[in-house]
Structures are given as structure tokens and as C-alpha cells.
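Report on the following structure.
The values are calculated or read from the model by the stated rules, or taken from the named source; none is laboratory data. Keep in mind that this is a model prediction, so the values were computed, not measured. Here the Cβ is made from the backbone with ideal geometry for all residues, glycine too, and neighbour counts use every protein chain on show.
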Ligand code: ADP
Ligand code: MG
């Protein structure tokens, strides 16, 4: 996938509208995790260096087309100013001011945007205060496009959405992919196209249903497919095993069987847990113990993969050339059931970059951070849903508009 790169754009003196993903977690007006803000810095610094007048725009939360005061981007401005200026000064440039605007379209915004110069970065108000954003309304896209001469997309987390700021506007201005989008596409692409082998895919999480497309797309390419989380229960039950009171998708038993068959046809080594950490009550973590998967009792709930499974999976990971991981191995939100997920995180980090390791998905990325090993993973995707749709082989509207067709 060849995208028009920010490297190839000419930005000197131009007003550049940059769609970033500043949808950060905020608690009591404070940003809890600024990863997404930092992830946008390389593009912003590059544009300022190139003499651009930068206008940033993002959504935050789900205000559903209405102004919600708690979802204004105001708490983001000072954090952005600090991390951006640190990055600018480090690359030998002068610090800039961050001008937070009170809206994202309209005559006042236009007037303020016209005042933006090289020493200033504009930050528009939450795009989703406008119903036209998620509706990909052409009128709203036009209004956005009129604020700038050029468009840069660096919000990888929303490229799976055809919204005005991610798709519509890209038809109206010269459009480029920022460094973050470029890097995500390259790193996730290495899993799908000519991966260093063996390619091991570790999939977990709550449901097969949410991951069917990923399973179908990765199963033929993968050498090993290690299954954990509640989705493993459905595979085990499909094979006739007692799954007790565990979470199972009964409507997908046939689907699970056909996936097992498909694995056979493609010579993919599909592995299921051989032991489970079980409980009779997940919330209270009652009567926790480890049992072989074939001896689950009626009131047992599988809440994590057991020691034996962890060791087997870690061994497969150790000998891999590429590892893609999505979805926790158990109910990792509770310490009692986090061991399996932490074991996978550790196994990936112990490869010490000898294999290409990629982690995608909301909860899996949280687990990698909680294990404190994010800096020993080749690529921790900022994408959530977007990275999953990418590896599922879907065409993503926010990337399609950036394709270099020349
Ligand atoms: P991701 O966001 O990384 O794609 P998912 O959203 O698919 O992951 O799944 C995450 C959820 O799956 C977690 O909240 C976790 O508690 C749940 N989960 C994992 N294993 C089990 C299990 N054995 N039983 C019930 N829920 C589970
Ligand atoms: Mg999730």
C-alpha cells in the first residue's frame, strides 16, 4: 500500500489542516495518558520545520453532534504545548503558541485561522460537536477544507471511519499521510505481506464474533495461531468438550469447527489452551484453581489460560519471526486472572526485537503497558479498531483517499 507521504509535500507558507487523534483518556479534567498526543508530534514538527501554518483537528469522545462542555479540547491544549515545544526545542527550533479555538467551523474560526503564523499552532474544537463530522456531510467537509490549503491525515485511530475530517475533506484538498499513519501501515503491513517466518498470531479477548474477519484473513497466512481468552471456549466446546459455566458463543460452534477445518487445509498450527485458571465467580474471584481444559466442572468458569498453556505458547512465540497479538488471554482486569496475558506480554518482550512483534487492539495495548514492556515491542499500534480492521484485510476509507495512484 503506497500512500502519498508527508515527506513529499511542499508546505512552505501553506495552511495545513492536520487530522490527529487526540481522543485521549481524561479524568477530572486531567489527561491520564498522552500517548496519542506524542504520537502526532513527528508530523507536527516536520510541518512547522517546513514553514507550514498548522491547524490541528480531532474528535474527543462521543458528543453525538452536540456541544458537550466536558468534551471540549481545552485540557489538551496545555499538554500539547508542553510536549510539542519540548520536541521543537530539541530539534533546534523555537517554541510555538497553541491557539485553542472554540469551534471547528464558522466565520470566527476562519478569522482566527487567518491569523495563524509560523509561531503558532491552531487547535480546532472537538469535530464531533458537529453532526456533519460522523455523517461525512459534504457541506461540513467543504467548510473544513476552506480553512486550509493542504490536508494531512495522521489520525490512524479513525482511518476505518468515513467521516468528514478523515475521508470527505481529503477529496477537496491535496492530501498526505502523516508519519504516524505511514508507520502504522508499514508495521501492520509487515504482518500481512511477506512476514518474517514463522508468523505467529496470538488471538484472545471475549468473543469470536468480533474477530471473525481477522481469523479468516490471518488463518491462511499464519504458521501458528494461538487462541486464548473466552473465544477459546467456543473452539473447545465445538470439539465436544465440557466448558462448564464459561463464556461460550453457542451460535458460532459450526463457525468454530469450520475454522478448525480451514486451519488443517492451510497447514496452520491452531493451538487451544490445555489448561485453564477457573473460578466460580469472576467478580469475587471465588475458588480459584487451575485444571486441565478437559476436566472443567459444570460451575467452573474459565477466566485465564493456565501455566502449561502459557509455557507452550511462550515456546512457540520464542521461535517466531513475526508475532501479531490481539486480545487478552483472560479477564486480565482482575489480578487473579491476569497471569496468562502478562505471560504473553513477557514472551513478546523477551524476543528483544529478534522477531517483529506487533500488538493491536484496545485491551491488548493496555495489557502491554501494564506489563511495562511497551518499549520492547517492535510496534504497539495506536489504532484500536482501525488496526484490527487493517489486519482483517478491510479497505479503510481514511487510507483509500491517501493512496498514491500516480
Ligand atoms: P482487544 O480490545 O484487545 O481487541 P477484546 O475487546 O476483544 O480485546 O477483549 C477484551 C476483553 O475480553 C477483556 O475485557 C477481558 O476481560 C475479556 N476476556 C478475556 N478472556 C475472558 C474469559 N475467559 N472470560 C470472559 N471474558 C474474557
Ligand atoms: Mg476491546
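Output the residues belonging to segment 357-406 that are assigned to a helix (DSSP H, G or I) and away from ligand 1 (no atom under 16 Å from the Cβ). Reasoning before the result, please.
So in segment 357-406, the residues assigned to a helix (DSSP H, G or I) come out as 362-370, 374-376, 385-391, 397-400.
The answer is 375, 376, 397, 398, 399, 400.
Does segment 316-334 contain any residue that is farther than 20 Å from residue 189 by Cα, in a helix (DSSP H, G or I), at pLDDT 95 or above and touching a strand residue (DSSP E or B) at 6+ places or on another chain (Cβ under 6 Å)?
Of segment 316-334, the ones farther than 20 Å from residue 189 by Cα are 316, 318-319, 328-334.
With the extra rule that they be in a helix (DSSP H, G or I), the set shrinks to 316, 318.
With at pLDDT 95 or above added as a condition, the list becomes 316, 318.
Still in the running and touching a strand residue (DSSP E or B) at 6+ places or on another chain (Cβ under 6 Å): 316.
Yes - at least one qualifying residue is present in segment 316-334.
Quick check on segment 331-347. Is at least one of its residues within 16 Å of ligand 1 (Cβ to nearest atom) and within 20 Å of residue 193 (Cα to Cα)?
no
Annotation note: Cβ proximity below 6 Å between a residue of segment 198-227 that is within 17 Å of residue 246 (Cβ to Cβ) and without any contact (Cβ under 8 Å) to a residue 12 or more places away in the chain and a residue that is within 14 Å of ligand 2 (Cβ to nearest atom) and part of a helix (DSSP H, G or I) (sequence gap 6+ or interchain) occurs for no pair. When segment 359-392 is limited to residues that are surrounded by fewer than 19 Cβ atoms within 10 Å (Cβ to Cβ) and more than 15 Å from the chain's Cα centre (by Cα), the one that is modelled with the lowest pLDDT turns out to be 370.
Within 16 Å of ligand 2 (Cβ to nearest atom) and surrounded by fewer than 24 Cβ atoms within 10 Å (Cβ to Cβ), is that true of residue 207? Yes: the conditions hold for residue 207.
Determine if segment 192-199 includes at least one residue that is over 25 Å from residue 333 (Cα atoms), under 17 Å from the mean Cα position of the chain (by Cα) and more than 16 Å from ligand 2 (Cβ to nearest atom). Walk me through it before giving the result.
Keep residues of segment 192-199 that are over 25 Å from residue 333 (Cα atoms), which gives 192-199.
Subsequent filtering for residues that are under 17 Å from the mean Cα position of the chain (by Cα) retains 192.
Within this subset, residues satisfying the condition of being more than 16 Å from ligand 2 (Cβ to nearest atom) are 192.
Yes, segment 192-199 contains a residue that is over 25 Å from residue 333 (Cα atoms), under 17 Å from the mean Cα position of the chain (by Cα) and more than 16 Å from ligand 2 (Cβ to nearest atom).
Just one residue in the set 312, 290 is surrounded by fewer than 24 Cβ atoms within 10 Å (Cβ to Cβ), touching a residue at least 12 places away in the same chain (Cβ under 8 Å) and assigned to a helix (DSSP H, G or I); that residue is 312.
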